[in-house]
1. If neighbour count is taken as other Cβ atoms inside 10 Å, put THR80, THR197, THR133 in order from fewest to most.
2. Aspartates and glutamates near LYS95 by alpha-carbon distance under 16 Å, same-chain residues fewer than 8 away left out - which ones?
3. Given Cβ point charges of +1 (Lys, Arg) and -1 (Asp, Glu) and nothing else, what value in debye, to the nearest 20, does the dipole of the chain about its Cα centre take?
4. About its Cα centre, what dipole magnitude does the stretch 1-124 give when the only charges are +1 on Lys and Arg Cβ and -1 on Asp and Glu Cβ, stated in debye to the nearest 20?
5. What pairs in LYS149/LYS181; LYS149/LYS199; LYS30/LYS212; LYS181/LYS212; LYS118/LYS212; LYS118/LYS181 have C-alpha atoms more than 26 Å from each other?
6. Quick one: length gained pulling LYS30 to SER72 fully straight, 0.36 nm per residue minus the C-alpha distance?
7. Toward the positive end of the charge dipole of the chain, about the Cα centre and with charges on Cβ (Lys, Arg +1; Asp, Glu -1), which of ALA86, VAL168, SER18 goes farthest?
8. Restricting to DSSP H runs of at least four residues, report the calculated mean residue ellipticity at 222 nm for the chain, -39500 (n - 2.57) per run over all residues, nearest 500 deg cm²/dmol.
Amino acid sequence: MDFTRTPDNNTKLERFLSTERLKSYYDATKNCLDSALSLYEYNARLSEAFYIPLQCFEISFRNAINHQLSDSYGADWIFTQRPPFAQNTRQSVKKAINELQRRKGKSLTAGHIVAELKLAFWVSLLARRYDSTLWRQSLYRAFLVGGSKSRTVIHGRANALRRFRNRVAHHEPIFNRDTEKTHQEIIEIIGWVCADTAKWTDSQSRFQEVFKTHPFP
């Protein structure tokens, strides 16, 4: 459907997007509604372009950790809770199982639960509290491609990308961030798990194409 913005429909868009939501765009365009909406459109396209990279990061990241936990504690670790988890970590697993049982019934697989657990759960397994247990005994092996990396570096990168992912998911502005660097960091952390998956993700990403369409270069 063709649509051309006019002063009249710009005003309608402002009302239903809300001036509060457009504030960052107004600030960046000297309070020009038409320019603010152009920047808002660009931000939406840019956020969309991060869908594939962020999806690949989250899935490869959690699967890499799951593989190592399965190797160290058994493929059924998610049911047996053999890893030395803190109480709140165990509660997160229990909550995911209960939620899936409520929605799907009792025939759950480990894969169902792995997919149900939030990215914050997987990132938390690399926190300092697990340095001498999960990390040194198992999880460091998940990130050996291209040489070993410190737990601190991986946890910091993953947590920053988790926060960025949440901004995208909640429709927050990202146009004013160094998105080129963020995209590079996403591909890089995937490469710490699997070089081929990183190359594939980069080949599927539309980020560079969209990034060049900034309305005010």
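1. Values: THR80 10, THR197 19, THR133 15.
By the 10 Å Cβ count, ascending: THR80, THR133, THR197.
2. GLU116
3. Values: 33 positive and 22 negative charges, 211 e Å.
Dipole about the Cα centre, nearest 20: 1020 debye.
4. Working: 17 positive and 13 negative charges, 136 e Å.
So the magnitude is around 660 debye.
5. Values: LYS149/LYS181 19 Å; LYS149/LYS199 20 Å; LYS30/LYS212 22 Å; LYS181/LYS212 14 Å; LYS118/LYS212 32 Å; LYS118/LYS181 24 Å.
Over 26 Å Cα-Cα: LYS118/LYS212.
6. Working: separation 42, 0.36 × 42 = 15.12 nm, distance 5.66 nm.
Length difference between fully extended and current span is 9.5 nm.
7. The residue sitting most towards the positive pole is ALA86.
8. On the way: 12 runs with 145 residues, N = 217.
Helix-only estimate at 222 nm: -21000 deg cm²/dmol.
Every read-out reported here was derived from the displayed coordinates using simple, explicitly stated rules and does not represent laboratory data. Here the structure is a predicted model, which means the values were calculated and not measured. Methodologically, a virtual Cβ is constructed for each residue, glycine included, from the backbone with ideal geometry; neighbour enumeration extends over all protein chains shown.
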